[in-house]
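Student: What follows is a structure written as structure tokens; I'll ask about it next.
The values are calculated or read from the model by the stated rules, or taken from the named source; none is laboratory data. Values in this document were obtained by computation on a predicted structure and should not be read as measured data. Positions of Cβ are generated from backbone atoms using ideal geometry, with glycine treated the same way; all protein chains shown enter the neighbour counts.
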Amino acid sequence: MTDHLTERLNRILPKLISDELLSGSGLGNEIGFYIFDYPAEDELRVREHIGFLLDHLPRAKSGLRVKHVNLFDLVLEHLKSRNLLDRAIQMQRTQGDEAVVKALSAPLHESRLAQVFAEAAQPAQHDLVLVSGVGSVWPMLRSHALLNNLHPLMGNTPLIMFYPGKYDQVSLKLFGMLESKNYYRAFKLVP
């Protein structure tokens, strides 16, 4: 017997290679942002499935250009490039989580990080961008704010965010517990 998450995971690949998703048809002038929400306790299964997708997408649709951006890795590389990572780690050890989150709020502001994301994702050179690492980067980065800042930067390239929590097409609820501000501009990838 197959569980509900497995059934939903199995529907991702056909959806991602569909002409409807890749061309943005049927969106009613909305942006091509999609969210695949899942229970946070299934994070490892979803990570494994993202690897499967990255292996199989080029085989399933020849010539498909896919970029995967892990937000946690993106943030680490950004902090390293600004010589802030070692200082942030030391601050966390001596002053705690709250102090380091506050200190990093400016360099990790969503408007700045959206630019860094766009440079990494290169949406004009890709047909599809997959995003993971949402739970790992919290509370340093809020996914709803990043998505809002990415609207003008992604062009027509569809973005798929793998989200450890709940999305009801009105709001995001990280880990199924933490309320986010309303975010209603993304579509559920698969119900």
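Student: Can you find, within segment 125-156, the residue that is surrounded by the most Cβ atoms within 10 Å (Cβ to Cβ) among those that are within 10 Å of the chain's Cα centre (by Cα) and of a type in the set (Val, Ile, Thr)?
Tutor: Selected residue: Val131.
Student: Oh, and also: Just to be sure, is Leu113 over 26 Å from Ala40 (Cα atoms) and either buried (at least 16 other Cβ atoms within 10 Å of the Cβ) or among the aliphatic types (A, V, I, L, M) (or both)? Reasoning before the result, please.
Tutor: Details: over 26 Å from Ala40 (Cα atoms): no; either buried (at least 16 other Cβ atoms within 10 Å of the Cβ) or among the aliphatic types (A, V, I, L, M) (or both): yes.
Considered against the rule, which asks whether it is over 26 Å from Ala40 (Cα atoms) and either buried (at least 16 other Cβ atoms within 10 Å of the Cβ) or among the aliphatic types (A, V, I, L, M) (or both), Leu113 comes out as no.
Student: With respect to Arg8, is the statement that it is in contact (Cβ under 8 Å) with a residue 40 or more places away in the chain and among the basic types (Lys, Arg) true? Step through it out loud before you land on a result.
Tutor: Numbers: in contact (Cβ under 8 Å) with a residue 40 or more places away in the chain: yes; among the basic types (Lys, Arg): yes.
Taking the combined requirement at face value, the residue satisfies it.
One line per residue, one yes/no per condition, for (1) at pLDDT 95 or above; (2) surrounded by fewer than 18 Cβ atoms within 10 Å (Cβ to Cβ); (3) not hydrophobic (A, V, I, L, M, F, W, C):
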position: Ile50; (1), (2), (3): yes, no, no
position: Asp73; (1), (2), (3): yes, yes, yes
position: Arg82; (1), (2), (3): no, yes, yes
position: Gln90; (1), (2), (3): no, yes, yes
position: Arg93; (1), (2), (3): no, yes, yes
position: Ala99; (1), (2), (3): no, yes, no
position: Ala103; (1), (2), (3): no, yes, no
position: Pro107; (1), (2), (3): no, yes, yes
position: Glu119; (1), (2), (3): yes, yes, yes
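Student: Give just the number: which of (1) part of a loop (DSSP other than H, G, I, E, B); (2) loosely packed, with under 12 Cβ neighbours inside 10 Å; (3) under 17 Å from the mean Cα position of the chain (by Cα); (4) not polar (S, T, N, Q) does Gly63 not satisfy?
Tutor: Checking Gly63 against (1) part of a loop (DSSP other than H, G, I, E, B); (2) loosely packed, with under 12 Cβ neighbours inside 10 Å; (3) under 17 Å from the mean Cα position of the chain (by Cα); (4) not polar (S, T, N, Q), the one that fails is (3).
Student: Enumerate the strands (runs of 3 or more DSSP E) found wholly within segment 95-191, keeping only those where 3 or more residues are free of Cβ contacts under 8 Å to residues at least 60 places away in the same chain and of a type in the set (A, V, I, L, M).
Tutor: Details: elements: 128-132, 159-167, 171-174, 178-182.
Per the criteria, no element qualifies.
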